[in-house]
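Heads up: the structure comes next, in structure tokens.
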Amino acid sequence: MKPLVRLIYFSSAVREMALSDMKDILQVARSNNQSKGLCGMLCYDNRFFVQALEGEREAVNELLFKIAEDPRHADVMIVSYEYIEQATFKDWNMGYAGGTPLLTELLAKLNQTELNPGKLSPKQLYALLRHLSAHQESV
Ligand code: FAD
């Protein structure tokens, strides 16, 4: 069996993303990820993206380099990269959550008033994505 990994990164959008921009990203992401056996969760708020990508190591690495080149965002910062037994986000080729009351609530528990991923630990970002994945928006 090929090694399975989970990668989490955050990045800064080059401009405010509208819902239609997120739809564009998610439509392509979901279709590509399905064909590569990848899954994950994307959060966008306060002009930051936070994304978890899970799947076979080669596929995750290849996608990361492609995403890093995407001109819609910059300052891609890898938060964690770990070998996993099974995928947490396996039900979603790419789940999505934006700035919802739940996000505000989760951030408040971390003493944060807005999403600023650089201020959160890898464990906190993973937990945030995991909680958000259970309450997604249908985008
Ligand atoms: P093409 O569609 O041929 O595009 C060529 C180039 O143009 C690429 O550099 C592409 O990034 C860029 N591009 C494409 N559309 C636009 C646009 N609307 N505006 C500006 N530039 C554009 N892709 C996945 O497959 N899986 C994911 O999980 C995933 N997550 C993403 C998360 C974020 C935060 C962002 C910003 C993008 C994500 N993408 C994801 C999209 C990814 O970066 C590629 O655009 C996509 O995979 C298509 O790649 P391609 O080589 O077929 O490029």
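In segment 115-124, the count of residues that are touching a Ser or Thr at 6+ places or on another chain (Cβ under 7 Å) and at negative phi is one or more. A single entry from Ile8, Ile25, Ile67, Ile78 fulfils the requirement of being closer than 21 Å to Leu132 by Cα, at pLDDT 95 or above and either part of a helix (DSSP H, G or I) or near the ligand (Cβ under 8 Å from one of its atoms) (or both): Ile25.
Within segment 51-68, no residue satisfies the criterion of being more than 15 Å from Thr88 (Cα to Cα) and crowded, with 24+ Cβ neighbours inside 10 Å. Among residues of segment 1-40 being out of contact with any Lys or Arg (no Cβ under 7 Å at 6 or more places or on another chain) and hydroxyl-bearing (Ser, Thr, Tyr), the one that is nearest to Met94 (Cα to Cα) is Ser31. Being away from the ligand (no atom under 11 Å from the Cβ), over 18 Å from Leu129 (Cα atoms) and surrounded by fewer than 17 Cβ atoms within 10 Å (Cβ to Cβ) is a property that Gly99 lacks. Among the residues making up segment 32-51, those that are within 16 Å of Met22 (Cβ to Cβ) and assigned to a strand (DSSP E or B) are Gly40, Met41, Leu42, Cys43, Tyr44, Asp45, Phe48, Phe49, Val50, Gln51. Residues in segment 11-22 that are surrounded by 12 or more Cβ atoms within 10 Å (Cβ to Cβ) and either of a type in the set (Asp, Glu) or within 8 Å of the ligand (Cβ to nearest atom) (or both): Ser11, Ala13, Asp21. Candidates are the residues of segment 28-48 that are without any contact (Cβ under 8 Å) to a residue 40 or more places away in the chain and within 6 Å of the ligand (Cβ to nearest atom); the one that is surrounded by the fewest Cβ atoms within 10 Å (Cβ to Cβ) is Val28.
The one condition from (1) within 26 Å of Leu4 (Cα to Cα); (2) modelled with pLDDT of 95 or more that Ala134 does not meet is (2).
The values are calculated or read from the model by the stated rules, or taken from the named source; none is laboratory data. Note that the structure is predicted; figures quoted are calculated from it, not measured. Neighbour counts are summed over all protein chains in view; Cβ atoms, including those assigned to glycine, are modelled from backbone coordinates with ideal geometry.
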